[in-house]
Amino acid sequence: MIKILCVEDDVTTADYIARGLRDAGFEVDVALDGAEGHAKASEGQYDAIVLDRMLPGMDGLTVLAKLREAGNDTPVVMLSALASLDERVRGLRAGSDDYLAKPFDLSELVARIEAVRRRRGNGNGETQVTKLACEDLEMDLLARTVVRNGRPLDLQPREFRLLEFFLRNKEQVVTRTMLLEGVWHYHFDPGTNVIDVHISRLRRKLDEGGAAPLLHTVRGAGYRLGAS
């Protein structure tokens, strides 16, 4: 079972995260301050760490710096109410693998944990995935081709990356923030309709020829790739 360490000083938030991650199938340990978090992360074998930025005694950046200096490369998702671009950059440069601003949705936290583990590798010797699929849609990552029900799709590079992100998170709600960071590598909202434009183009190509819709809008939350 995937084992997660949650370092969060607010008891209510820590309990919310722990219950949500356990419901998602993870094993979870909780630390309520930086010193305890650093000790548990140093002594235990974790698949990922959810680390609050603002902690009493030893803050999240210090915990992270100490872990990285000691050679601990466990994937870290940093949480913080400090959502400015400068703070996000600071967290990423300190060695975090991702940075999620509070408040957040648990489904997004789960998706980010899964994503940082994929980027780092699961450490279990599994063969790297080269093909992704959803229903009658297939993507070959090596050949850079996409086929739906035997029909090749002509996708632009950004459309390909967008579809790859959806396929890696199929049947899950993907938020606009996740798309901006995962596809465009923006850690802020540029205030444009870039996502809407690309979603519209991708939908048009996926549904060409009367195919059943695969890319759905989840009102007030984001998008989901999967059967209706």
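The values are calculated or read from the model by the stated rules, or taken from the named source; none is laboratory data. Keep in mind the model is a prediction, meaning the values are calculated, not measured. Neighbour counts are summed over all protein chains in view; Cβ atoms, including those assigned to glycine, are modelled from backbone coordinates with ideal geometry. Areas reflect the complete protein model, heavy atoms only, side chains present, ligands, DNA and RNA absent. Shrake-Rupley method; radii C 1.70, N 1.55, O 1.52, S 1.80 Å.
Things worth noting here:
- Neighbour cut-off at most 16 other Cβ (10 Å), DSSP loop, chymotrypsin sites (Phe, Trp or Tyr not before Pro), the range 151-189: W184, Y186, F188
- Check: the range 170-227 dipole with +1 on Lys, Arg Cβ and -1 on Asp, Glu Cβ, in debye: 140
- Shape metrics for the chain, restricted to C-alpha atoms - Rg then Dmax, Å: 18.8, 61
- D23 versus V194: modelled label distance in nm, points set 7 Å from Cα along the beta carbon direction: 3.3
- Folded to 0 to 90 degrees: helix 157-168 orientation relative to the chain principal axis, Cα: 60
- Sequence-distant lysines (8 or more away, or on other chains) whose Cα lies within less than 21 Å of K66: K3, K40
- D33 accessible area, assembled protein chains, probe 1.4 Å, Å²: 50
- Over the chain, DSSP H runs of length four or greater, each weighted -39,500 (n - 2.57), average out per residue to a 222 nm ellipticity of -12000 deg cm²/dmol.
- Within the chain, antiparallel bridges make up roughly 45 percent of the DSSP beta bridges whose residues both belong there.
- The range 79-228 - percent of accessible surface contributed by carbon and sulfur, probe 1.4 Å: 49
- Excluding ligands, DNA and RNA, the accessible surface per residue across the chain is 51 Å² with a 1.4 Å probe.
- Within the chain: Cβ-based charge dipole about Cα centre, in debye rounded to nearest 20 (Lys, Arg +1; Asp, Glu -1): 860
- If you sort the three axes of the alpha carbon gyration tensor as a ≥ b ≥ c, you get a/c of 1.5 or more for the range 1-63 and a/b no higher than b/c, which makes it oblate.
- Residue ranking by accessible heavy-atom surface, 1.4 Å probe, largest first, among E27, E159, E87, E138 comes out as E138, E27, E87, E159.
- Length available on full extension from D136 to A39: 0.36 nm per residue minus the Cα-Cα distance, which gives 30.2 nm.
- Table column - 3J(HN,Hα) (Hz), the range 215-228, Karplus curve with 6.51, -1.76, 1.60, x for Gly and Pro: 9, 10, 8, 9, 3, x, 10, x, 9, 9, 9, x, 5, 6
- Once the Cβ-Cβ distance of K66 and L106 is raised to the sixth power relative to R0 = 35 Å, the FRET efficiency obtained is 0.80.
- Using a Förster distance of 30 Å, the FRET efficiency for R158-V11 (Cβ separation, nearest 0.05): 0.10
- Cβ-Cβ FRET estimate between R201 and A221, R0 fixed at 25 Å, reported to 0.05: 0.70
- Angstrom value of the Kirkwood radius, inverse mean 1/r, which spans all Cα pairs in the range 1-120: 13.8
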